[in-house]
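Novice: Sharing a structure, written as structure tokens. Questions coming.
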Amino acid sequence: MNTLKPFYKILFNMSLHLMVLSLNSQNIGGKMIVVIDPGHGGIDSGAIGLNGIMEKDIVLSIAKEMVRLNKNTKSDFEIYLTRYKNTLISLSDRTRLAKTLKADLYISLHCNQSENPKARGVEVYVNAEGGNFLKESVLLAYALQKQMKTKLGFESRGVKYGDFQVLRETTNYCPSVLVELGFLSNLNEVVFLASKEYQLLIALSLLQAIKILNKEIALF
């Protein structure tokens, strides 16, 4: 095991360097207002991992990392969070923030859980009813899947339709997706999701997917 650590560090540093360089390149689509919604919070822990780590803490940590990275790069995004602390925010208030800010993008972050300990991978949901921004939402969903798979090696479980309130209430205002970042019930994935290094890479992957969507929209 110890002989693998140097290679792991090299791989991590290479991925980090390449992704930061990509974020610093010019963003064709111009400035976007992005609302990131870290799921759960407060008394609502969400899923609880095999190691006791809570979904609410993982997604908040990744969301705050996105804000920090965005400030430290020449990105044209303005990122706002629906919560910045361990507080419980109603679903309606989460979507109301996106409408108030006139967001260009809404991403709700979650972690998955299953009775099957072998279940693994990333799922991305778009609104089941379609909405005014279905095409853009699907583009973002596939961009997220690709980034998580190619940059981090996470298995893709597909882009799916879901009847989630946060999607129903935002889909006619802006592209919106709900991301299940991995399974806390999977022994390997819970270790990755709890790692600060992997949380950093996940945050970078999400930012890169936003950049890709911004470019795609600008080409229409």
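Read-outs: derived from the displayed coordinates by stated rules, not from any lab. On a predicted model such as this, the values are computed, not experimentally measured, just so you know. Note that we place each Cβ from the backbone using ideal geometry, even for glycine, and neighbour counts take in every protein chain shown.
Novice: Return the long-range amide H neighbours of L181 (sequence gap of 5 or more, or a different chain), with a cut-off of under 5 Å between placed amide H atoms.
Specialist: H110, C111, N112
Novice: In addition: Between K118 and K149, what is the label-point separation in nm under the 7 Å Cα-to-beta-carbon projection?
Specialist: About 2.0 nm separates the two model spin labels.
Novice: Further question on the same structure: Once both labels are modelled 7 Å past Cα along the beta-carbon direction, what's the S156-N51 spacing in nm?
Specialist: About 2.8 nm, to one decimal.
Novice: Where in the range 83-126 does the amide nitrogen come within less than 13 Å of the point 7 Å from the Cα of N132, taken along Cα to Cβ?
Specialist: Once the point is set 7 Å along Cα→Cβ of N132, 99-100, 102-105 turn out to lie under 13 Å by backbone N, inside the range 83-126.
Novice: How are the Cα pair distances of the range 108-220 distributed, in percent, across 10 Å bins from 0?
Specialist: Once binned at 10 Å, the Cα pair distances of the range 108-220 give 15, 45, 31, 8, 0.
Novice: Something else now. In whole Å, what three semi-axes, largest first, describe the equivalent ellipsoid of the range 28-219 built from its Cα gyration tensor (square root of 5 times each eigenvalue)?
Specialist: For the range 28-219, the ellipsoid semi-axes come out as 23, 18, 17 Å.
Novice: Another question, if that's okay. Per residue of the range 106-116, what does 6.51 cos²θ - 1.76 cosθ + 1.60 with θ = phi - 60° give for ³J(HN,Hα)? Whole Hz please, x for Gly and Pro, Karplus curve as stated.
Specialist: Running phi through 6.51 cos²θ - 1.76 cosθ + 1.60 with θ = phi - 60° gives 9, 10, 9, 9, 9, 10, 8, 7, 8, 6, 8 Hz.
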